[in-house]
1. Name the single residue, out of those in region C:80-100 being closer than 19 Å to C:Leu118 by Cα and touching a Gly at 6+ places or on another chain (Cβ under 9 Å), that is surrounded by the most Cβ atoms within 10 Å (Cβ to Cβ).
2. Any residue at all in region A:244-251 that's in contact with a helix residue (DSSP H, G or I) (Cβ under 8 Å, 6 or more places away or on another chain) and hydroxyl-bearing (Ser, Thr, Tyr)?
3. Got a sec? Which of C:Arg269, C:Arg222, C:Arg276 is in a loop (DSSP other than H, G, I, E, B) and over 26 Å from C:Thr183 (Cβ atoms)?
4. Considering every residue within region B:74-81, establish whether at least one is farther than 25 Å from B:Gln159 by Cα, away from every other protein chain (no Cβ under 12 Å) and among the small types (Gly, Ala, Ser).
5. For region C:109-121, how many residues meet the condition of being out of contact with any helix residue (DSSP H, G or I) (no Cβ under 8 Å at 6 or more places or on another chain) and modelled with pLDDT of 85 or more?
6. Give the residues of region A:184-194 that are more than 12 Å from A:Arg111 (Cα to Cα) and more than 7 Å from chain B (Cβ to nearest Cβ), sorted by residue number.
7. Quick check on C:Glu3: is it within 24 Å of C:Gln284 (Cα to Cα), surrounded by fewer than 16 Cβ atoms within 10 Å (Cβ to Cβ) and in contact (Cβ under 8 Å) with a residue 24 or more places away in the chain?
8. Can you list residue pairs whose Cβ atoms sit under 6 Å apart, with the first residue in region B:136-162 being more than 7 Å from chain A (Cβ to nearest Cβ) and the second being aromatic (Phe, Trp, Tyr)? Count only pairs 6 or more apart in sequence or on different chains.
Amino acid sequence: MSDLLDQSPGIEPLREQRLGPLFWICVGWLTLNVLGAIFANVLPLVNPLYQNYIVINAGPSLHHLFGTDDLGRDILSRVVFGSRVSLAVGSGAMLIGFGIGMPLGMLAAYRRGRLDSILTAVMYVLLAFPAIIAVIAVISFWTPRTLVKIIVVIGLASVPLVYRVIRSATLAVATKDYVTAAKVQGSTDRRILFRELLPNIAPIAVSFLLIGVATVVTLEGALAFLGLSVNPPTPSWGNMINESRTVMAQNPWLVIFPSLALCLFLLCLNFIGDRLRSYFDVTEVKL
Amino acid sequence: MSDERQPLLKVRDLTVTFGKGAHAVSAVAGVSFDIYEGETLGLVGESGCGKSTTGKALMKIVAPSSGTVELDGVDITHQRGRALRQARTRMQMIFQDPISSLNPRRRVRGIVAEPLDAWKTVTGEQRDRLVDELLNQVGIDPEVYGDRYARQFSGGQCQRISIARALAMRPQLLICDEVVSALDVSVQAQILNLLEDLKAEYGLTLLFIAHDLAVVKNISDRVAVMYLGRIGEIGPSEVLYEAPAHPYTKFLLGASLEADPDSAPTGAVLEGEPPSPLDPPSGCRFRSRCPYATERCAREEPVLTEVAPGHQVACHFPFIAQ
Amino acid sequence: MSERLLEVTDLRTTFRTVTGAVPAVGGVSFDLHGNETLGIVGESGSGKTVLARTIMGLQPRTNVEVTGSVLLNGHQVVGASERTMRTMWATEVAMVFQDPMTSLNPVMRIGRQIDETLRVRLGMDRHAARARAIELLTMVGIPSAQSRYRAYPTELSGGMRQRVVIATALACSPKLIIADEPTTGLDVTIQAQILNLLDSLKEQLSMSVILITHDLGVVATRATRIIVMYAGQIVEMGDTRDVFFHHRMPYTRALLDSSPKVTNAPHTRLAVIPGRPPNLSTPQPGCAFAPRCAYATERCHVEAPTLVDASAPGHRFACWNPLPETSDREAR
């Protein structure tokens, strides 16, 4: 079989694609946020609920790095503790959304047929309904409000969106010959779903997940701003911004720091999601 | 001669219909043929004639609407679930697009081992050895390339890996659907030779689907010509190419371009284009383009009739050498 | 009759990519006379399509470097601005692409697409343009052109679409048509129709045609001369019969031998070129075909051969160890 050597000129290596330093800075910042939220209790921070009436509306100082609010609470401590709510809502809701939406989307796109028609019809009806208004309505009537309830409501509301993205991503892959080839070899549906489909839609899923977390965090902020998130005095970035409205003129720090934290968090998430998508895009890598 | 042997694959009145009601299209409209053990049957035709759909229907990748497919005397048409999956491992298929045939996110060894892992026929060290052996046989060095991702390979190499994967379960029948049409001429010859080698080594039976008449002639023992969902002519390749009995086969051969400046410039060119399968002509499906068509052709549908041993034609007025 | 319509001299097209410069066309020179069909044959990556686009002046200005000279009917194409090119497109040179679906606008009636060129370039009024468009559609063999004038590209079959593309190319009676794999996606019987059409139009309108293909069968009976390209370079060129029967470059022979023939007996073992076409982004010294060539010697790996004359006029090849000269076709 000497005439079979199709290998002599060698195989071109993949184009080196790097994620770049900015990507890693963003990852670093997010890690810092997550660690801060988890270990807020053991960090050398003032109790975020402790009201120190001696220093009210103070600017940043050595004692209070971010200053204090109108009740004399330490803003740094409240921003760190507030990230707990944002992160919990963001990751929790997306866990629910992907937990339900992703398997449904993959299954519908892989199986097609009646299952797909019914599921897709239901999801599109749900999508037609303005999700934010639904979330606001449910949360305002379902009292008393707790963090878990907020996570569940937002999570469920995100299911149709996740379903739609995952379904179309899976559809693109499910028509590829290698999926047919796997079927023809006698692979079970489960093997096909996990071995052939999942790795190929994972990049899209991950980048959508990150952008989803960002959206949910914004949504939580909006809810908090409307007073529909966790009850005060528990801090969250959203309700901190809300509370700052009345004292904005005297104490701009109160609005600057939580807003900055929120903005940086969202920026990093979006950037990472975007970067990952182009990094994993096989077609883009192939010249 | 071939009548003595038992056919490995027996296809009877295979029909594949897409859509419903007024939009129903019979991509394959009643196709019957046998493939004998150890032979290569070529299936040629223009795009939309249903040759690829036939191949897919045999593998039940698309569901046949009627007809039967028998593999080694066992009717597999109505099999489902595990039995179907089992039957499929005895037939394998290789596809046209080499790049899309391989999962870009899996490594070569994993791709070739997939059928073995799915069936757990061999495991552990034995499995690894078999995978490397298969890769060696198709001319891919497992030591060098075994752990690369599929997306790092050229079209010809991808097609080799696809062949290795298809052979992993030691199938009896290999369906090749336009496997060389996406490749460069020089690479195409490599793959055709490889298929011939492996056919001898594994005792394979081949169904070779292609639009290129020269390629089909070079690899097939017998050739079937399809037009608009029907088989027009089937016979030993030498006979069919030397003395085509169906007018369509004749035009098809006349239109194929020889790489020879002295070959007669294509004389009689078939006029018009294939009609839409949505609304096929009555009677003989080729009559709308056939210069020899008569009123009988519009009325009566010709059936495959033997004009010489093993040579069947579906035409009311076949060219038969007296 | 044999005035030079096209003069290409040392044309180089280099793509600048992240991984380095890719010389897609690396120093190509040839002439084209009036009313001639020139076949350019090569495998994928041989640079034949890039060459065509460069002659058309279609290469983007960024990240592509074009040097050398392309004289089209006396006008320099290399370095010409898009504005200058616009005066040459359609009237001097037109192109027929491989995929008719992407070269036609799917949301525009086919008649309008031909009209447009006529009205903009030739300043015809609407009625004259319409009449001329229908005339062109009839000329390329579209049945009932009157009614098809109002059809959308999606309503036509692949073969019909390619006819429309040809009609669009003919609109301003160019002197040269460059057809890049015009029949590759088409069926055998349709392919024959389209090639016959191009042939008869060439005679009728006394234009020249450059027929670019990977299939030697397409050019065998239609081209007067053939250029064989490999890795961005011309490796052999000459009259069709010289290239087919008296080729001197081993690649030309390998290409001919490895294509299956209808006349072969079943299970004919095909001659094979080992390996695959080279990757142009990692250029190697010497002859680009040397790693796959059965006749390669040490010199081939070090020094690149240049085109030299064979005995027949106009027949040239680039090889250090050419095949012996043959006098008749039996010697093949």
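The values are calculated or read from the model by the stated rules, or taken from the named source; none is laboratory data. All of these numbers come straight from a predicted model, not from anything done at the bench. Glycine also receives a Cβ, built like all others from the backbone with ideal geometry; neighbour counts cover every protein chain displayed.
1. That would be C:Val93.
2. yes
3. Answer to the selection: C:Arg269.
4. No; the residues of region B:74-81 include none that is farther than 25 Å from B:Gln159 by Cα, away from every other protein chain (no Cβ under 12 Å) and among the small types (Gly, Ala, Ser).
5. So the count comes out to 2.
6. Within region A:184-194, the first condition is being more than 12 Å from A:Arg111 (Cα to Cα), and the residues that meet it are A:184-188, A:191, A:194.
Hit for region A:184-194 is A:Phe194, nothing else.
7. no
8. Partner pairs satisfying both residue conditions: none exist.
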